[in-house]
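Read through the structure below, which is laid out as structure tokens, and then see the notes.
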Amino acid sequence: MSGLEFFVGHYAYWFVVALLVLGLYGMIVKRNFVKKLIGMTIFQVAVIIFFISSAVKKGATIPIADKAVGTAESGLYVNPLQHTLMLTAIVVGVATAGVGYALLVTIFRRFRTLNEPELMERMRREREAAEKQGNDA
Amino acid sequence: MKVANFAALALFAGLLIYAASGLPNRGDPTAVLHRDTSPAGTPSAPSYYIRNAYKDAATPNMVTVILADYRGFDTMGEETVIFAAGLACLLILRRKRKNPQGEIEP
Amino acid sequence: MRDYESDDIVILVSRTLSPFIMLFALYVIFHGHYSPGGGFQGGTMLAAAVILIRLAAGMDIAQLQFPRALGMPLGAVGVLIYFGTGVAAMLGGGSFLDYAYLPLPGAAAALRSLGILFVEVGVGLAVVGILVSIYDDLLESGER
């Protein structure tokens, strides 16, 4: 297999690799928690795209039984299993992202910041104040 | 710190590219994933679903049949997860708080 | 949402558009047996139609369309429909979620089709209720 053929044949996977690296970049380099959560969502979407693109068969149609095509030959329909799994994963992903944002809202209410180093600094200061109070008492 | 982050990213990208190069071409009908029998010799699930979905449930859309019938327990779990997520949001955010006058806000 | 100002044109357009999105969402749910669609997709679209009005007209007017307190009960009803279908199959003599044993007249394949429809309606109700509820909770917490 020539290099170009290999590259073109895997083109969907290169997009997935780019999206996964972008999501991880958002999660580990960015300092804002909302940006970290956006990075996590991009990561999740990349996994979903990978699953969907692995379901494709050349020369196959959508997984809805058609009288003109018949169901005896499994090669004539796209693999339906990945579509099913990712269908539920998308909606569950939205719901869990909602929980993540709810947690961020409570963090912001408590500490008035969503910046990671600043939050660590404030938590440390609060803990020291509490320890000092404990020593005085 | 910054250098370590980007080194980790490069390592991750290299790992992913190495893994992707072992995959079959996109849309290759002879890939292991699309075979009628698994490498262990047992019949594979997707082919079974394609052949028997209409016979079993009188519903042409195979994705619906797998979602609600063959994998009904899975979908039930997912729906419970969604419900639990909504409940978690409600319990985290929608709480009664006393304002400075001592009245309970809804 | 403190300096929120509603705009007449935005309200008019979203108010005109929202029922059609809902109608298409119902089509997606109930035609999911024969075309791409089903409970998850249709439920998400219904939630989108509800949230469109909430975005355009604000929380107070949107209460008339879909009250804030309705979200979680609707989700619970959806989950109960799913579990109830499974338990009904158990009462009919089969195992949990085996729709062929639903206590209704008809052939096994037709009963499975009917059971799938019940389940999809349950999933759709749960998804619309929970998504609108999550949106309301996040928005409400921002107002204080």
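Every number here is computed from the coordinates shown, using simple stated rules; none is lab data. None of the values given here were measured: they were computed from a predicted structure. Positions of Cβ are backbone-derived with ideal geometry, glycine not excepted, and every protein chain shown enters the neighbour counts.
Tabulated data for the structure shown
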read-out	value
By average C-beta atoms within 10 angstrom, highest first, the peptides A:125-131, A:61-67, C:97-103	C:97-103, A:61-67, A:125-131
Average projected area [Cα convex hull, chain C], square nanometres	9.8 nm²
For chain B, calculated [θ]222 nm from helices alone, where every DSSP H run of n ≥ 4 adds -39500 (n - 2.57)	-18000 deg cm²/dmol
Top positive-direction residue, dipole computed over the protein assembly as shown with Cβ charges, set C:129, A:65, C:35	C:129
Test item: C:80-87 mean partner chain Cβ contacts at 10 Å	2
Shielding score for C:35-44, defined as the mean number of other chain Cβ atoms within 10 Å	5
Rg to Rh quotient for chain A, alpha carbon positions, Kirkwood Rh	1.24
Note, ³J(HN,Hα) from phi for the stretch C:93-108, Karplus 6.51, -1.76, 1.60, rounded to Hz, x at Gly and Pro	x, x, 8, 4, 6, 8, 5, 5, 9, 4, x, 9, x, x, 6, 4
Length-normalised contact order of the stretch C:8-143 in % [C-alpha pairs under 8 Å, at least 6 apart]	28 percent
Whole-Hz couplings from phi, Karplus 6.51/-1.76/1.60, listed for the stretch A:72-80; x for Gly and Pro	6, 9, 6, x, 8, 10, 4, 4, x
Kirkwood Rh (inverse of mean 1/r, distinct Cα pairs), the protein assembly as shown, angstrom	24.0 Å
Inter-chain Cβ neighbour average for residues C:120-130, partner chain, 10 Å	4
Estimated distance in nm for a label pair at residue A:2 and residue B:1, the labels positioned 7 Å out from Cα along Cα-to-Cβ	5.0 nm
For peptides C:8-14, B:48-54, C:61-67, sequence by mean Cβ density within 10 Å, most packed first	B:48-54, C:61-67, C:8-14
Residue A:57 long-range amide H proximity, modeled H, under 5 Å	A:79
Length released on extending from residue A:22 to residue A:89, taking residue separation times 0.36 nm less the Cα-Cα span	22.1 nm
